[in-house]
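The values are calculated or read from the model by the stated rules, or taken from the named source; none is laboratory data. This is a predicted model, so every value here is computed, not measured. Note: ideal-geometry Cβ built from the backbone for every residue, glycine included; neighbour counts use all protein chains shown. Note: accessible area is taken over every heavy atom of the protein model, side chains too, but ligands, DNA and RNA are not part of it. Shrake-Rupley method; radii C 1.70, N 1.55, O 1.52, S 1.80 Å.
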Amino acid sequence: MALDHDKGVWKSGKGKGRKTPKGRQLDDQAWDDVRALLGDRPRRADLLIEYLHLIQDAHGHLSAAHLRALAEEMRLSQTEVYEVATFYAHFDVVKEDETPPPALTIRICESLSCELAGAQALKQALLDDLPADQVRVVRAPCMGRCDTAPALHLGHHSIDHATVDKVRSAIAAGHTHADIPDYETFDAYRAQGGYDALLGCRDGGDWEAVQAQVAASGLRGLGGAGFPSGKKWGFVRAEAGPRYLAVNGDEGEPGTFKDRWYLERTPHLFLEGMLIAAWAVAADRVFIYMRDEYPAVIRILRDEIARLVDAGIVADGFIDLRRGAGAYICGEESAMIESIEGKRGIPRHRPPYVAQVGVFGRPTLVHNVETLIWVTRVLREGPEILSSVERNGRQGLRNYSVSGRVARLGVYLLPAGSTIRDVIAAAGGMADGHVFKAYQPGGPSSGLLPASLDDVPLDFDTLQPHGSFIGSAAVVVLSDRDSARAAALNMLEFFADESCGQCTPCRVGCEKAVKLMQADHWDRDLLEDLSQVMVDASICGLGQAAPNPIRLTIKHFPDEV
(Lines give C-alpha, C1' and ligand atoms only; values in the text may rest on other atoms or scores of the structure.)
Protein backbone atom coordinates (compact mmCIF):
# COMPACT_ATOMS: atom_id res chain seq x y z
CA MET A 1 0.00 0.00 0.00
CA ALA A 2 1.41 3.43 -0.91
CA LEU A 3 0.37 7.05 -0.57
CA ASP A 4 -1.14 8.58 -3.73
CA HIS A 5 0.20 12.14 -3.47
CA ASP A 6 -2.16 13.40 -6.18
CA LYS A 7 -5.32 12.45 -4.31
CA GLY A 8 -4.01 12.25 -0.74
CA VAL A 9 -5.42 8.80 -0.11
CA TRP A 10 -3.93 5.40 0.62
CA LYS A 11 -4.24 3.13 -2.44
CA SER A 12 -4.34 -0.63 -2.26
CA GLY A 13 -4.59 -1.20 -5.99
CA LYS A 14 -8.37 -1.62 -5.95
CA GLY A 15 -11.31 0.57 -5.15
CA LYS A 16 -11.25 4.23 -4.20
CA GLY A 17 -8.53 3.99 -1.55
CA ARG A 18 -8.64 5.35 2.00
CA LYS A 19 -7.50 8.49 3.73
CA THR A 20 -5.55 6.64 6.44
CA PRO A 21 -3.48 3.48 6.69
CA LYS A 22 -5.21 0.40 8.05
CA GLY A 23 -5.37 -0.14 11.78
CA ARG A 24 -6.23 1.94 14.85
CA GLN A 25 -5.72 5.64 14.22
CA LEU A 26 -3.86 8.05 16.47
CA ASP A 27 -6.13 10.22 18.60
CA ASP A 28 -4.66 13.69 19.18
CA GLN A 29 -6.19 14.14 22.63
CA ALA A 30 -4.96 10.75 23.81
CA TRP A 31 -1.51 11.57 22.43
CA ASP A 32 -1.50 14.86 24.35
CA ASP A 33 -2.52 12.96 27.52
CA VAL A 34 0.33 10.48 27.15
CA ARG A 35 2.94 13.14 26.42
CA ALA A 36 1.80 15.14 29.45
CA LEU A 37 2.11 12.06 31.70
CA LEU A 38 5.53 11.08 30.38
CA GLY A 39 6.88 14.63 30.51
CA ASP A 40 10.63 14.65 29.92
CA ARG A 41 11.11 11.00 30.84
CA PRO A 42 13.19 9.01 28.35
CA ARG A 43 11.22 7.10 25.72
CA ARG A 44 13.01 3.78 26.29
CA ALA A 45 11.31 0.45 25.63
CA ASP A 46 12.38 -0.97 29.00
CA LEU A 47 10.24 1.70 30.72
CA LEU A 48 7.04 0.53 29.02
CA ILE A 49 5.55 -1.02 32.19
CA GLU A 50 6.35 2.10 34.21
CA TYR A 51 4.50 4.22 31.65
CA LEU A 52 1.54 1.86 31.56
CA HIS A 53 1.30 2.39 35.32
CA LEU A 54 1.25 6.17 34.79
CA ILE A 55 -1.74 5.89 32.47
CA GLN A 56 -3.55 3.31 34.62
CA ASP A 57 -3.11 5.42 37.76
CA ALA A 58 -4.22 8.62 36.03
CA HIS A 59 -7.27 7.27 34.19
CA GLY A 60 -8.21 4.09 36.06
CA HIS A 61 -7.76 1.95 32.94
CA LEU A 62 -5.83 1.68 29.68
CA SER A 63 -7.99 2.78 26.78
CA ALA A 64 -7.28 1.65 23.24
CA ALA A 65 -6.64 5.28 22.31
CA HIS A 66 -4.03 5.70 25.05
CA LEU A 67 -2.31 2.44 24.13
CA ARG A 68 -2.16 3.60 20.52
CA ALA A 69 -0.75 6.96 21.61
CA LEU A 70 1.83 5.31 23.89
CA ALA A 71 3.00 3.10 21.02
CA GLU A 72 3.39 6.19 18.85
CA GLU A 73 5.28 8.13 21.51
CA MET A 74 7.68 5.26 22.28
CA ARG A 75 8.11 4.17 18.66
CA LEU A 76 6.86 0.68 19.46
CA SER A 77 4.39 -1.43 17.56
CA GLN A 78 0.85 -1.54 18.93
CA THR A 79 1.28 -5.30 19.29
CA GLU A 80 4.24 -4.89 21.64
CA VAL A 81 2.35 -2.45 23.85
CA TYR A 82 -0.87 -4.48 23.85
CA GLU A 83 0.75 -7.83 24.66
CA VAL A 84 2.57 -6.35 27.65
CA ALA A 85 -0.51 -4.46 28.91
CA THR A 86 -2.70 -7.58 28.75
CA PHE A 87 -0.12 -9.86 30.39
CA TYR A 88 -0.22 -8.17 33.80
CA ALA A 89 -3.23 -8.43 36.12
CA HIS A 90 -3.09 -4.85 37.39
CA PHE A 91 -3.64 -3.27 33.97
CA ASP A 92 -7.23 -2.87 32.76
CA VAL A 93 -7.27 -2.71 28.96
CA VAL A 94 -10.50 -1.24 27.58
CA LYS A 95 -11.28 -1.38 23.86
CA GLU A 96 -13.48 1.09 22.00
CA ASP A 97 -16.71 -0.86 22.43
CA GLU A 98 -16.10 -1.77 26.08
CA THR A 99 -17.17 0.00 29.27
CA PRO A 100 -14.33 1.17 31.55
CA PRO A 101 -14.29 -0.29 35.07
CA PRO A 102 -15.73 1.77 37.94
CA ALA A 103 -13.51 4.37 39.57
CA LEU A 104 -12.95 2.14 42.60
CA THR A 105 -11.60 -1.42 42.52
CA ILE A 106 -11.48 -3.78 45.48
CA ARG A 107 -9.10 -6.72 45.14
CA ILE A 108 -9.79 -9.47 47.68
CA CYS A 109 -7.06 -11.97 48.37
CA GLU A 110 -8.24 -15.56 47.84
CA SER A 111 -5.04 -17.42 48.60
CA LEU A 112 -5.01 -20.10 51.28
CA SER A 113 -4.48 -17.97 54.41
CA CYS A 114 -7.22 -15.52 53.46
CA GLU A 115 -9.46 -18.37 52.32
CA LEU A 116 -9.18 -19.90 55.78
CA ALA A 117 -10.08 -16.50 57.27
CA GLY A 118 -13.33 -16.17 55.30
CA ALA A 119 -12.35 -14.40 52.09
CA GLN A 120 -15.15 -15.99 50.06
CA ALA A 121 -17.87 -14.87 52.46
CA LEU A 122 -16.36 -11.38 52.56
CA LYS A 123 -16.26 -11.15 48.77
CA GLN A 124 -19.91 -12.16 48.47
CA ALA A 125 -20.92 -9.71 51.20
CA LEU A 126 -19.17 -6.87 49.38
CA LEU A 127 -20.74 -7.85 46.06
CA ASP A 128 -24.16 -7.78 47.73
CA ASP A 129 -23.53 -4.54 49.62
CA LEU A 130 -21.75 -2.23 47.16
CA PRO A 131 -23.16 -0.71 43.94
CA ALA A 132 -21.58 -2.51 41.01
CA ASP A 133 -21.56 0.63 38.86
CA GLN A 134 -19.41 2.46 41.41
CA VAL A 135 -17.19 -0.24 42.92
CA ARG A 136 -15.68 -3.26 41.22
CA VAL A 137 -15.00 -6.30 43.44
CA VAL A 138 -12.51 -8.83 42.03
CA ARG A 139 -10.58 -11.80 43.33
CA ALA A 140 -6.81 -11.50 43.64
CA PRO A 141 -3.85 -13.75 44.50
CA CYS A 142 -1.74 -13.39 47.64
CA MET A 143 -1.04 -9.79 48.67
CA GLY A 144 1.64 -10.62 51.21
CA ARG A 145 -0.60 -9.72 54.14
CA CYS A 146 -1.32 -13.25 55.35
CA ASP A 147 -0.70 -12.18 58.95
CA THR A 148 -3.78 -9.93 58.80
CA ALA A 149 -6.14 -12.17 56.82
CA PRO A 150 -8.57 -11.63 55.28
CA ALA A 151 -6.88 -8.80 53.41
CA LEU A 152 -7.93 -6.64 50.49
CA HIS A 153 -6.84 -3.58 48.57
CA LEU A 154 -9.16 -0.61 48.02
CA GLY A 155 -7.23 1.11 45.28
CA HIS A 156 -3.76 1.27 46.85
CA HIS A 157 -5.07 1.16 50.42
CA SER A 158 -4.51 -2.12 52.26
CA ILE A 159 -7.33 -3.09 54.63
CA ASP A 160 -6.25 -5.70 57.17
CA HIS A 161 -8.69 -8.03 58.95
CA ALA A 162 -11.13 -6.70 56.37
CA THR A 163 -14.86 -6.37 57.00
CA VAL A 164 -17.71 -4.77 55.08
CA ASP A 165 -17.85 -1.95 57.65
CA LYS A 166 -14.14 -1.19 57.28
CA VAL A 167 -14.53 -1.04 53.50
CA ARG A 168 -17.58 1.21 53.74
CA SER A 169 -15.72 3.59 56.06
CA ALA A 170 -12.67 3.74 53.78
CA ILE A 171 -14.83 4.47 50.73
CA ALA A 172 -16.71 7.21 52.58
CA ALA A 173 -13.42 8.81 53.63
CA GLY A 174 -11.93 8.51 50.14
CA HIS A 175 -9.11 6.48 51.66
CA THR A 176 -7.66 4.76 48.61
CA HIS A 177 -3.96 5.59 49.11
CA ALA A 178 -1.27 3.55 50.85
CA ASP A 179 -0.62 4.19 54.53
CA ILE A 180 3.09 4.59 55.27
CA PRO A 181 4.11 2.82 58.50
CA ASP A 182 6.71 4.13 60.92
CA TYR A 183 10.13 2.85 59.88
CA GLU A 184 13.82 3.44 60.54
CA THR A 185 14.83 6.39 58.35
CA PHE A 186 18.25 7.04 56.84
CA ASP A 187 19.26 9.43 59.62
CA ALA A 188 18.24 7.00 62.37
CA TYR A 189 20.00 4.09 60.65
CA ARG A 190 23.16 6.11 60.02
CA ALA A 191 23.25 7.21 63.65
CA GLN A 192 23.48 3.55 64.70
CA GLY A 193 26.48 2.82 62.46
CA GLY A 194 24.47 2.11 59.34
CA TYR A 195 26.46 2.08 56.08
CA ASP A 196 29.79 1.85 57.94
CA ALA A 197 30.19 -1.68 56.56
CA LEU A 198 29.53 -0.47 53.01
CA LEU A 199 31.87 2.51 53.30
CA GLY A 200 34.53 0.25 54.77
CA CYS A 201 34.24 -2.04 51.75
CA ARG A 202 34.57 0.87 49.38
CA ASP A 203 37.57 2.25 51.25
CA GLY A 204 40.09 -0.34 50.13
CA GLY A 205 38.05 -3.41 50.96
CA ASP A 206 38.82 -6.78 49.36
CA TRP A 207 35.71 -8.20 47.68
CA GLU A 208 37.07 -11.76 47.89
CA ALA A 209 37.56 -11.41 51.66
CA VAL A 210 33.98 -10.17 51.98
CA GLN A 211 32.81 -13.04 49.81
CA ALA A 212 34.66 -15.45 52.10
CA GLN A 213 32.88 -13.97 55.13
CA VAL A 214 29.50 -14.50 53.51
CA ALA A 215 30.46 -18.05 52.54
CA ALA A 216 31.70 -18.79 56.06
CA SER A 217 28.31 -17.78 57.47
CA GLY A 218 26.64 -20.48 55.38
CA LEU A 219 24.18 -17.97 53.92
CA ARG A 220 22.13 -19.37 51.05
CA GLY A 221 19.68 -17.69 48.71
CA LEU A 222 16.44 -17.18 50.63
CA GLY A 223 14.13 -16.62 47.69
CA GLY A 224 13.60 -20.37 47.49
CA ALA A 225 16.43 -21.91 45.47
CA GLY A 226 18.96 -21.94 48.32
CA PHE A 227 22.09 -21.45 46.20
CA PRO A 228 25.17 -20.53 48.32
CA SER A 229 25.20 -16.73 48.23
CA GLY A 230 28.96 -16.18 48.23
CA LYS A 231 29.50 -18.32 45.14
CA LYS A 232 27.18 -16.17 43.04
CA TRP A 233 29.42 -13.15 43.46
CA GLY A 234 32.43 -14.95 42.02
CA PHE A 235 30.51 -16.16 38.97
CA VAL A 236 29.27 -12.68 38.08
CA ARG A 237 32.54 -10.91 38.91
CA ALA A 238 34.39 -13.26 36.54
CA GLU A 239 32.30 -12.02 33.60
CA ALA A 240 33.33 -8.97 31.58
CA GLY A 241 31.45 -5.76 32.44
CA PRO A 242 29.23 -3.90 32.48
CA ARG A 243 27.54 -5.96 35.18
CA TYR A 244 24.23 -5.43 36.96
CA LEU A 245 22.53 -6.40 40.20
CA ALA A 246 18.81 -7.23 40.11
CA VAL A 247 16.92 -7.51 43.40
CA ASN A 248 13.94 -9.86 43.36
CA GLY A 249 11.34 -8.17 45.55
CA ASP A 250 8.41 -10.03 44.02
CA GLU A 251 7.62 -12.37 46.93
CA GLY A 252 4.38 -13.60 45.40
CA GLU A 253 4.41 -17.12 46.86
CA PRO A 254 1.14 -17.34 48.83
CA GLY A 255 1.82 -17.32 52.54
CA THR A 256 5.01 -15.25 52.19
CA PHE A 257 5.29 -11.80 53.75
CA LYS A 258 8.72 -11.68 55.43
CA ASP A 259 10.24 -9.25 52.91
CA ARG A 260 7.39 -6.79 53.37
CA TRP A 261 7.67 -7.13 57.15
CA TYR A 262 11.32 -6.04 57.11
CA LEU A 263 11.06 -3.42 54.37
CA GLU A 264 8.25 -1.65 56.24
CA ARG A 265 10.46 -1.49 59.34
CA THR A 266 14.17 -1.47 58.48
CA PRO A 267 14.57 -0.71 54.76
CA HIS A 268 18.20 0.41 55.09
CA LEU A 269 19.28 -2.96 56.46
CA PHE A 270 18.28 -4.25 53.02
CA LEU A 271 19.63 -1.29 51.04
CA GLU A 272 23.08 -1.53 52.63
CA GLY A 273 23.32 -5.25 51.88
CA MET A 274 22.24 -4.55 48.31
CA LEU A 275 24.97 -1.92 47.85
CA ILE A 276 27.59 -4.23 49.38
CA ALA A 277 26.66 -6.95 46.88
CA ALA A 278 26.73 -4.39 44.06
CA TRP A 279 30.20 -3.31 45.18
CA ALA A 280 31.40 -6.92 45.36
CA VAL A 281 30.56 -7.60 41.70
CA ALA A 282 31.43 -4.06 40.53
CA ALA A 283 27.87 -3.53 39.27
CA ASP A 284 27.29 -0.52 37.07
CA ARG A 285 23.65 -0.32 38.04
CA VAL A 286 21.14 -1.83 40.46
CA PHE A 287 17.54 -2.73 39.64
CA ILE A 288 15.01 -3.30 42.43
CA TYR A 289 11.93 -5.13 41.17
CA MET A 290 9.20 -4.63 43.78
CA ARG A 291 5.76 -6.17 43.57
CA ASP A 292 2.87 -3.77 42.95
CA GLU A 293 0.96 -5.22 45.91
CA TYR A 294 3.39 -3.37 48.20
CA PRO A 295 2.64 0.32 47.49
CA ALA A 296 3.86 1.42 50.93
CA VAL A 297 7.19 -0.35 50.41
CA ILE A 298 7.59 1.24 46.98
CA ARG A 299 7.00 4.68 48.50
CA ILE A 300 9.45 4.00 51.35
CA LEU A 301 12.16 2.78 48.99
CA ARG A 302 11.68 5.69 46.62
CA ASP A 303 12.01 8.19 49.48
CA GLU A 304 14.98 6.50 51.14
CA ILE A 305 16.87 6.01 47.87
CA ALA A 306 16.55 9.77 47.40
CA ARG A 307 18.11 10.19 50.88
CA LEU A 308 21.03 7.99 49.81
CA VAL A 309 21.57 10.21 46.78
CA ASP A 310 21.40 13.37 48.89
CA ALA A 311 23.92 11.91 51.34
CA GLY A 312 26.33 10.99 48.54
CA ILE A 313 26.10 7.25 49.28
CA VAL A 314 25.05 6.54 45.68
CA ALA A 315 24.93 8.51 42.47
CA ASP A 316 21.58 9.62 41.12
CA GLY A 317 20.25 6.92 38.79
CA PHE A 318 22.49 4.14 40.13
CA ILE A 319 19.48 2.47 41.80
CA ASP A 320 16.54 1.92 39.45
CA LEU A 321 13.33 1.04 41.31
CA ARG A 322 10.88 -0.85 39.10
CA ARG A 323 7.24 -1.54 39.93
CA GLY A 324 5.73 -4.92 39.12
CA ALA A 325 2.20 -5.18 37.80
CA GLY A 326 0.64 -8.29 39.29
CA ALA A 327 2.34 -11.41 37.94
CA TYR A 328 3.51 -14.21 40.25
CA ILE A 329 5.70 -15.64 37.50
CA CYS A 330 7.97 -12.59 37.78
CA GLY A 331 9.30 -14.09 41.00
CA GLU A 332 11.25 -16.43 38.67
CA GLU A 333 14.53 -14.63 38.06
CA SER A 334 14.59 -14.67 34.27
CA ALA A 335 10.91 -13.67 34.05
CA MET A 336 11.70 -10.78 36.40
CA ILE A 337 14.51 -9.70 34.09
CA GLU A 338 12.16 -9.81 31.11
CA SER A 339 9.79 -7.56 33.05
CA ILE A 340 12.60 -5.15 33.96
CA GLU A 341 13.26 -4.91 30.23
CA GLY A 342 9.63 -3.82 29.70
CA LYS A 343 8.36 -7.14 28.35
CA ARG A 344 5.95 -9.87 29.36
CA GLY A 345 7.28 -11.83 32.33
CA ILE A 346 8.01 -15.07 30.52
CA PRO A 347 10.84 -17.30 31.83
CA ARG A 348 13.83 -17.76 29.58
CA HIS A 349 15.31 -21.05 28.50
CA ARG A 350 18.61 -21.85 30.18
CA PRO A 351 21.51 -21.92 29.53
CA PRO A 352 22.70 -19.21 29.27
CA TYR A 353 22.21 -18.35 32.92
CA VAL A 354 21.51 -14.86 34.16
CA ALA A 355 24.97 -14.63 35.73
CA GLN A 356 26.23 -14.55 32.14
CA VAL A 357 23.30 -13.11 30.18
CA GLY A 358 20.91 -11.18 32.37
CA VAL A 359 19.45 -7.66 32.23
CA PHE A 360 19.98 -6.21 28.74
CA GLY A 361 22.16 -9.22 27.93
CA ARG A 362 24.76 -8.37 30.56
CA PRO A 363 26.07 -10.48 33.49
CA THR A 364 23.61 -10.04 36.35
CA LEU A 365 23.69 -10.94 40.02
CA VAL A 366 20.18 -11.73 41.28
CA HIS A 367 19.44 -11.66 45.00
CA ASN A 368 16.37 -11.90 47.20
CA VAL A 369 15.52 -9.15 49.72
CA GLU A 370 16.02 -11.34 52.81
CA THR A 371 19.37 -12.59 51.54
CA LEU A 372 20.66 -9.02 51.28
CA ILE A 373 19.45 -8.21 54.80
CA TRP A 374 21.64 -11.05 56.04
CA VAL A 375 24.61 -9.79 54.00
CA THR A 376 24.50 -6.58 56.05
CA ARG A 377 24.19 -8.43 59.34
CA VAL A 378 27.01 -10.85 58.51
CA LEU A 379 29.40 -8.00 57.74
CA ARG A 380 28.36 -6.01 60.81
CA GLU A 381 28.14 -8.86 63.32
CA GLY A 382 30.37 -11.54 61.80
CA PRO A 383 29.64 -14.85 60.07
CA GLU A 384 28.99 -16.54 63.40
CA ILE A 385 25.63 -14.81 63.65
CA LEU A 386 24.47 -17.62 61.37
CA SER A 387 27.16 -20.28 61.56
CA SER A 388 27.08 -20.51 65.37
CA VAL A 389 23.35 -21.34 65.53
CA GLU A 390 22.61 -25.07 65.44
CA ARG A 391 19.43 -27.09 65.87
CA ASN A 392 18.66 -30.64 64.81
CA GLY A 393 21.95 -30.80 62.95
CA ARG A 394 21.20 -27.69 60.88
CA GLN A 395 23.04 -24.38 60.98
CA GLY A 396 21.77 -20.82 60.64
CA LEU A 397 18.58 -18.82 61.11
CA ARG A 398 15.41 -18.54 59.05
CA ASN A 399 12.55 -16.06 58.92
CA TYR A 400 9.32 -18.04 58.83
CA SER A 401 6.14 -16.34 57.62
CA VAL A 402 3.48 -18.05 59.73
CA SER A 403 -0.27 -17.87 59.09
CA GLY A 404 -3.35 -20.04 59.21
CA ARG A 405 -4.70 -21.64 62.40
CA VAL A 406 -2.16 -20.33 64.91
CA ALA A 407 -2.70 -17.94 67.79
CA ARG A 408 -0.30 -15.19 66.64
CA LEU A 409 0.29 -14.84 62.92
CA GLY A 410 3.54 -13.13 61.95
CA VAL A 411 7.22 -13.42 61.03
CA TYR A 412 9.37 -15.48 63.39
CA LEU A 413 13.17 -15.66 63.34
CA LEU A 414 14.10 -19.20 64.42
CA PRO A 415 16.96 -21.65 64.03
CA ALA A 416 16.94 -23.19 60.55
CA GLY A 417 16.56 -26.66 62.05
CA SER A 418 13.22 -25.83 63.68
CA THR A 419 10.33 -28.23 63.17
CA ILE A 420 6.72 -27.32 62.55
CA ARG A 421 6.08 -27.88 66.27
CA ASP A 422 8.74 -25.25 67.06
CA VAL A 423 7.17 -22.84 64.60
CA ILE A 424 3.68 -23.31 66.02
CA ALA A 425 5.01 -22.84 69.56
CA ALA A 426 6.72 -19.58 68.54
CA ALA A 427 3.39 -18.43 67.10
CA GLY A 428 1.64 -18.96 70.45
CA GLY A 429 0.37 -22.44 69.70
CA MET A 430 -2.74 -23.37 67.78
CA ALA A 431 -5.68 -20.99 67.69
CA ASP A 432 -8.35 -21.68 70.31
CA GLY A 433 -10.46 -24.72 69.48
CA HIS A 434 -8.21 -25.92 66.66
CA VAL A 435 -6.21 -29.16 66.53
CA PHE A 436 -3.14 -29.37 64.31
CA LYS A 437 -3.84 -31.38 61.15
CA ALA A 438 -1.53 -30.33 58.30
CA TYR A 439 0.85 -27.64 57.12
CA GLN A 440 2.24 -26.01 54.04
CA PRO A 441 6.00 -25.63 54.74
CA GLY A 442 7.00 -23.28 51.93
CA GLY A 443 4.08 -21.93 49.94
CA PRO A 444 1.78 -23.90 47.62
CA SER A 445 4.80 -25.06 45.61
CA SER A 446 5.80 -27.17 48.61
CA GLY A 447 2.43 -28.92 48.85
CA LEU A 448 0.79 -30.12 52.05
CA LEU A 449 2.32 -32.29 54.78
CA PRO A 450 0.45 -34.06 57.62
CA ALA A 451 0.83 -33.30 61.32
CA SER A 452 2.49 -36.70 61.76
CA LEU A 453 5.58 -35.27 60.00
CA ASP A 454 6.16 -32.85 62.85
CA ASP A 455 9.79 -33.73 63.53
CA VAL A 456 11.30 -32.75 60.17
CA PRO A 457 13.62 -29.70 60.27
CA LEU A 458 12.20 -26.95 58.08
CA ASP A 459 15.35 -26.16 56.13
CA PHE A 460 17.02 -26.67 52.78
CA ASP A 461 17.43 -30.30 51.69
CA THR A 462 15.51 -31.76 54.66
CA LEU A 463 12.04 -31.85 53.10
CA GLN A 464 12.95 -33.28 49.68
CA PRO A 465 12.79 -36.90 50.91
CA HIS A 466 9.14 -36.19 51.75
CA GLY A 467 8.35 -34.77 48.29
CA SER A 468 8.42 -31.17 49.51
CA PHE A 469 10.88 -28.29 50.08
CA ILE A 470 11.23 -25.21 52.26
CA GLY A 471 11.05 -22.64 49.45
CA SER A 472 10.35 -19.20 50.89
CA ALA A 473 9.50 -20.62 54.36
CA ALA A 474 5.85 -19.61 53.97
CA VAL A 475 4.22 -21.75 56.64
CA VAL A 476 0.42 -22.08 56.61
CA VAL A 477 -1.04 -24.24 59.39
CA LEU A 478 -4.31 -26.18 58.93
CA SER A 479 -6.47 -27.66 61.65
CA ASP A 480 -9.01 -30.44 62.05
CA ARG A 481 -11.67 -28.00 60.83
CA ASP A 482 -10.02 -27.66 57.41
CA SER A 483 -10.11 -29.80 54.30
CA ALA A 484 -6.78 -30.86 52.82
CA ARG A 485 -8.56 -31.49 49.53
CA ALA A 486 -9.96 -27.95 49.45
CA ALA A 487 -6.55 -26.52 50.34
CA ALA A 488 -4.91 -28.41 47.48
CA LEU A 489 -7.57 -27.17 45.06
CA ASN A 490 -6.96 -23.60 46.23
CA MET A 491 -3.27 -24.02 45.45
CA LEU A 492 -3.88 -25.41 41.96
CA GLU A 493 -6.37 -22.66 41.16
CA PHE A 494 -3.63 -20.20 42.03
CA PHE A 495 -1.16 -21.91 39.69
CA ALA A 496 -3.75 -22.06 36.89
CA ASP A 497 -4.33 -18.30 37.22
CA GLU A 498 -0.63 -17.45 37.41
CA SER A 499 0.83 -19.67 34.69
CA CYS A 500 2.47 -17.40 32.11
CA GLY A 501 1.13 -19.64 29.33
CA GLN A 502 4.44 -20.12 27.56
CA CYS A 503 4.56 -23.91 27.77
CA THR A 504 1.69 -26.33 27.23
CA PRO A 505 2.43 -28.72 30.12
CA CYS A 506 2.00 -25.92 32.65
CA ARG A 507 -0.67 -23.85 30.89
CA VAL A 508 -2.97 -26.77 30.09
CA GLY A 509 -1.81 -29.03 32.91
CA CYS A 510 -2.81 -26.63 35.70
CA GLU A 511 -6.19 -25.98 34.09
CA LYS A 512 -6.93 -29.69 33.63
CA ALA A 513 -5.76 -30.49 37.15
CA VAL A 514 -8.24 -27.99 38.60
CA LYS A 515 -11.09 -29.59 36.67
CA LEU A 516 -10.10 -33.09 37.76
CA MET A 517 -9.80 -31.95 41.39
CA GLN A 518 -13.30 -30.47 41.32
CA ALA A 519 -14.81 -33.92 40.75
CA ASP A 520 -16.50 -35.74 43.62
CA HIS A 521 -13.73 -38.33 43.55
CA TRP A 522 -10.24 -37.74 42.19
CA ASP A 523 -9.00 -39.93 39.34
CA ARG A 524 -5.69 -40.65 41.01
CA ASP A 525 -4.04 -42.42 38.07
CA LEU A 526 -4.95 -39.66 35.64
CA LEU A 527 -3.81 -36.94 38.05
CA GLU A 528 -0.49 -38.77 38.53
CA ASP A 529 0.04 -39.06 34.76
CA LEU A 530 -0.71 -35.37 34.38
CA SER A 531 1.61 -34.49 37.26
CA GLN A 532 4.49 -36.44 35.76
CA VAL A 533 4.14 -34.70 32.41
CA MET A 534 4.12 -31.29 34.12
CA VAL A 535 7.23 -32.14 36.15
CA ASP A 536 9.13 -33.52 33.17
CA ALA A 537 8.20 -31.00 30.50
CA SER A 538 7.47 -27.61 32.08
CA ILE A 539 10.02 -24.89 31.36
CA CYS A 540 10.25 -23.36 34.83
CA GLY A 541 9.61 -24.12 38.47
CA LEU A 542 5.95 -23.12 38.43
CA GLY A 543 4.83 -26.04 36.30
CA GLN A 544 7.39 -28.38 37.82
CA ALA A 545 6.23 -27.72 41.39
CA ALA A 546 2.49 -27.30 40.77
CA PRO A 547 1.80 -31.07 41.10
CA ASN A 548 3.18 -31.17 44.66
CA PRO A 549 -0.17 -30.33 46.32
CA ILE A 550 -1.85 -33.04 44.25
CA ARG A 551 0.64 -35.77 45.00
CA LEU A 552 1.04 -35.01 48.71
CA THR A 553 -2.71 -34.78 49.28
CA ILE A 554 -3.27 -38.15 47.61
CA LYS A 555 -0.42 -39.64 49.65
CA HIS A 556 -1.23 -38.26 53.09
CA PHE A 557 -5.00 -37.61 52.94
CA PRO A 558 -6.36 -40.43 50.74
CA ASP A 559 -9.66 -40.57 52.61
CA GLU A 560 -10.49 -37.01 51.43
CA VAL A 561 -10.04 -37.59 47.69
| query | Hey, rough spin-label estimate for D203 and D480, points 7 angstrom out along Cα→Cβ, what's it come to in nanometres? | reply | 6.3 nm
| message | Can you order the peptides 302-314, 48-60 by their average number of other Cβ atoms within 10 Å per residue, highest first? | response | 48-60, 302-314
| query | How much of the accessible area of region 114-258, probe 1.4 Å, is carbon plus sulfur, in whole percent? | reply | 51 percent
| field | Where N is the number of residues in region 230-321, Cα Rg divided by 2.2 N^0.38 Å | value | 1.12
| field | For region 238-246, Karplus couplings with θ = phi - 60° (6.51, -1.76, 1.60), whole Hz, Gly/Pro x | value | 6, 7, 5, x, x, 10, 10, 10, 10
| query | Mind ordering 355-361, 292-298, 264-270, 20-26 by average Cβ neighbours within 10 Å, highest first? | reply | 292-298, 264-270, 355-361, 20-26
| message | What whole-number distance in Å separates the alpha-carbon centres of region 439-504 and region 54-89? | response | 37 Å
| note | Given 80-90, 162-172, the highest-first ranking by average Cβ count within 10 Å works out to 80-90, 162-172
| query | In terms of modelled amide H atoms, which long-range or inter-chain residues lie less than 5 Å from the amide H of V93? | reply | L62
| field | Under-5 Å amide H pairs with E264, H placed in peptide plane, nonlocal only | value | none
| Charge dipole (debye, nearest 20) of the chain; +1 at Cβ of Lys and Arg, -1 at Cβ of Asp and Glu | 1140 debye
| Solvent-accessible area per residue for region 323-428 at a 1.4 Å probe radius, Å²? | 33 Å²
| query | Rank R260, R394 by accessible area, highest first, at a 1.4 Å probe radius? | reply | R394, R260
| field | 1.4 Å probe accessible area per residue over region 37-126, in Å² | value | 42 Å²
| task | Work out Dmax and Rg for region 500-560 from the C-alpha atoms and quote the Rg first, both in angstrom. | result | 11.2, 35
| message | Taking the square root of 5 times each eigenvalue of the Cα gyration tensor, what semi-axes in Å does the equivalent ellipsoid of region 403-561 have, largest first? | response | 27, 17, 13
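Whenever you get a sec, compute what percent of the accessible area on region 281-358 sits on carbon and sulfur atoms (1.4 Å probe).
Whole-percent figure for carbon plus sulfur exposure: 47.
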| task | List the residues whose amide H sits under 5 Å from the amide H of R391, counting only those 5 or more places along or on another chain, with H placed 1.01 Å from N in the peptide plane. | result | G417
| task | Please report, as a whole percent, how much of the solvent-accessible surface of region 393-497 comes from carbon and sulfur atoms (probe radius 1.4 Å). | result | 49 percent
| field | Phi-based couplings in Hz for region 308-318 (Karplus 6.51, -1.76, 1.60; Gly and Pro marked x) | value | 4, 5, 4, 7, x, 6, 9, 7, 4, x, 5
| So how strong a dipole does region 357-461 carry about its Cα centre when Lys and Arg Cβ are +1 and Asp and Glu Cβ are -1, to the nearest 20 debye? | 260 debye
| Which one of G155, A119, L526 is farthest out on the positive end of the charge dipole of the chain, using unit charges on Cβ (Lys, Arg +1; Asp, Glu -1) and the Cα centre as origin? | L526
| query | Under unit Cβ charges (Lys, Arg +1; Asp, Glu -1), what dipole magnitude, rounded to 20 debye, does region 407-507 have relative to its Cα centre? | reply | 140 debye
| remark: The computed P(r) of region 118-222 puts the percent of Cα pairs beyond 19 Å at 62 percent
